[in-house]
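Novice: One structure, pasted below without further comment.
All of the numbers you see were taken from the coordinates with simple rules; none came from a lab. If you're wondering where the values come from, they're calculated on a predicted model, not measured in any experiment. Cβ: placed from backbone, ideal geometry, glycine included. Neighbour counts: every protein chain shown.
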Amino acid sequence: GAVVSQHPSRVICKSGTSVKIECRSLDFQATTMFWYRQFPKQSLMLMATSNEGSKATYEQGVEKDKFLINHASLTLSTLTVTSAHPEDSSFYICSAILLGTQYFGPGTRLTVL
Amino acid sequence: AQRVTQPEKLLSVFKGAPVELKCNYSYSGSPELFWYVQYSRQRLQLLLRHISRESIKGFTADLNKGETSFHLKKPFAQEEDSAMYYCALSSGGTSYGKLTFGQGTILTVHP
């Protein structure tokens, strides 16, 4: 089956630093990937759509200058949280579509001190 | 704006009992509805989608456009069904793949 991986699985950083999270489709190519955010005990919220070779599209209320998305290849999308603050602490999940089915990564736990 | 509502945060049943997880949605067009499941310490995975009209692991879900509902049902719950269940909606078209999730329901099946 299709597998989506994320790296790292968890990261702790200091306030003001930037953190990069990778999302890879391991056994298929994905022209489109999605980034979600999940707060504790809450549902997933779509942040942005990552498009290979073009700019990401962001959902309303998501700061594109804060959450930089790069989709440089058909198997890799990266999310960089710039100048992270404690309120950015969350669980970030990516997904990719193969044959109409969306496959999710295991998520990345970001903690900003 | 589209919205998905799962009114039950927690649902407990005994093994062998029927189970129904409720999902209501609001969307002006023709949505595509999904149920996703997340077992303990595992990633989110697709359980079923309304266009497939199939039964997966004994679960079924019927889209009721009149009631804007997509409830998930299983006649005889098993302990291994214990998990978090999310109902999700995709509006399709230019928003293909974009999912709006409900709040989720934690199902616990007791032995």
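Novice: Under 5 Å between amide hydrogens, which residues at least 5 positions from residue B:56 or on another chain qualify, with H placed 1.01 Å from N in the peptide plane?
Specialist: Answer set, sorted by chain and number: none.
Novice: Gap in Å between the Cα centre of the stretch A:93-111 and the Cα centre of the stretch B:90-111?
Specialist: Value for the Cα centre distance between the two parts: 13 Å.
Novice: For peptide A:41-49, compute the average count of partner chain beta-carbon atoms within 10 Å of each residue's beta-carbon. Mind dumping the intermediate values first?
Specialist: Working: counts 4, 3, 11, 11, 3, 6, 0, 1, 4.
The mean count of partner-chain Cβ atoms within 10 Å per residue comes to 5.
Novice: While we're on this one: Let me know the Kirkwood hydrodynamic radius for the protein assembly as shown, please, with Cα pairs as the basis and the value in Å to one decimal.
Specialist: Values: mean 1/r = 0.0550 Å⁻¹.
In the protein assembly as shown this quantity evaluates to 18.2 Å.
Novice: With unit charges on the beta carbon (Lys/Arg positive, Asp/Glu negative), name the residue among B:68, B:102, B:82 whose Cα is farthest towards the positive pole of the charge dipole of the stretch B:57-111.
Specialist: B:68
Novice: For the residue pair residue A:113 and residue B:42, what label-to-label distance in nm results when each label sits 7 Å from Cα along the Cα-to-beta-carbon direction?
Specialist: 3.5
Novice: For the stretch B:15-84, take the alpha-carbon Rg, divide it by the Kirkwood Rh, and send me Rg/Rh.
Specialist: On the way: Rg = 12.6 Å, Rh = 12.9 Å.
Result for the stretch B:15-84 is an Rg/Rh of 0.98.
Novice: Could I get the Rg over Rh figure for chain A? Both from C-alpha atoms, Rh via Kirkwood, rounded to two places.
Specialist: Working: Rg = 13.1 Å, Rh = 13.9 Å.
Over the Cα atoms of chain A, Rg/Rh equals 0.95.
Novice: Please check which bits of the stretch B:36-65 a label hung off residue B:80 would reach, taking the label as a point 7 Å along Cα-to-C-beta and the cut-off as backbone N under 14 Å.
Specialist: Correct set: B:39-40, B:56-59.
Novice: If each residue's Cβ is checked for other Cβ atoms within 10 Å, how do B:96, A:92 rank with the fewest at the top? It would help to have the intermediate numbers written out before the result.
Specialist: Values: B:96 13, A:92 24.
Ordered by Cβ neighbours within 10 Å, fewest first: B:96, A:92.
Novice: Looking only at the stretch A:14-43, which residues have a backbone nitrogen under 14 Å from a spot 7 Å from the Cα of residue A:99 in the C-beta direction?
Specialist: Only A:27-29 fall inside the zone, counting backbone N under 14 Å.
Novice: How crowded by other chains is A:28-37, given as the mean number of beta carbons from other chains within 10 Å of each beta carbon?
Specialist: Average per residue, whole number: 1.
Novice: Calculate, for residue A:64 and residue A:5, the FRET efficiency according to 1/(1 + (r/R0)^6) with r their C-beta to C-beta distance and R0 25 Å; round to the nearest 0.05.
Specialist: Working: r = 25 Å, r/R0 = 0.98.
Efficiency, rounded to the nearest 0.05: 0.50.
Novice: Would you kindly calculate the mean projected area, averaged across all directions, of the convex hull enclosing the Cα atoms of the stretch A:22-77, in square nanometres? Write out the running numbers ahead of the final one.
Specialist: On the way: hull surface 17.2 nm².
So the mean shadow area of the Cα hull is 4.3 nm².
Novice: Going Cα to Cα from residue B:73, which lysines come in below 25 Å? Please leave out same-chain ones fewer than 8 positions away.
Specialist: Partners within reach: A:41, B:9, B:15, B:22, B:57, B:65, B:98.
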